[in-house]
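The values are calculated or read from the model by the stated rules, or taken from the named source; none is laboratory data. Because the structure is a prediction, the values reported are computed rather than measured. Neighbour counts run over all protein chains shown; Cβ positions are idealised from the backbone, glycine included. Quick note on the areas: whole protein, heavy atoms, side chains included, nothing else; ligands and nucleic acids left out. Shrake-Rupley method; radii C 1.70, N 1.55, O 1.52, S 1.80 Å.
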Amino acid sequence: MDKIKELTERIIKFRNDRDWKQFHNPKDVALSMVLEAGEVMEHFQWKDKEEVEEYLKQNKDGVAEEIADVLYYVLLMSHDLNIDIIEALDKKITKNESKYPVEKAKGNHKKYNEIES
């Protein structure tokens, strides 16, 4: 069994064992995902590159936990909406490769519709 499927099954079991599915509509799961992403951002707020590097020496585990919380909700939502997240990511990467060809996008921060043809 692949690791994503295994983790998703653990998440679903965790939720179902606690009878929390009743609270997990797409809106609230999406909101939880955004809230957890905000908690990731809090670790970096107001810190410059050097401060971030120093901060991570002591707080990497905390950052990892917040990133894991985001992934938790991504896997939960993709399960509940019957989305194969690996397939969806593969398609998105392929789409981005087309929108941002190396010869036009390398070293360029502009959005795909602003890159010169």
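Residues in region 90-111: is at least one of a type in the set (A, V, I, L, M) and open to solvent by 60 Å² or more (accessible area, probe 1.4 Å)?
Scanning region 90-111 turns up at least one residue that is of a type in the set (A, V, I, L, M) and open to solvent by 60 Å² or more (accessible area, probe 1.4 Å).
Per-residue answers, yes or no, for (1) among the polar types (S, T, N, Q); (2) open to solvent by less than 100 Å² (accessible area, probe 1.4 Å); (3) part of a helix (DSSP H, G or I):
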site	(1), (2), (3)
N16	yes, yes, yes
E39	no, yes, yes
W46	no, no, no
D69	no, yes, yes
Y73	no, yes, yes
M77	no, yes, yes
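Of the residues examined, K21 is one that is basic (K, R) and surrounded by 11 or more Cβ atoms within 10 Å (Cβ to Cβ).
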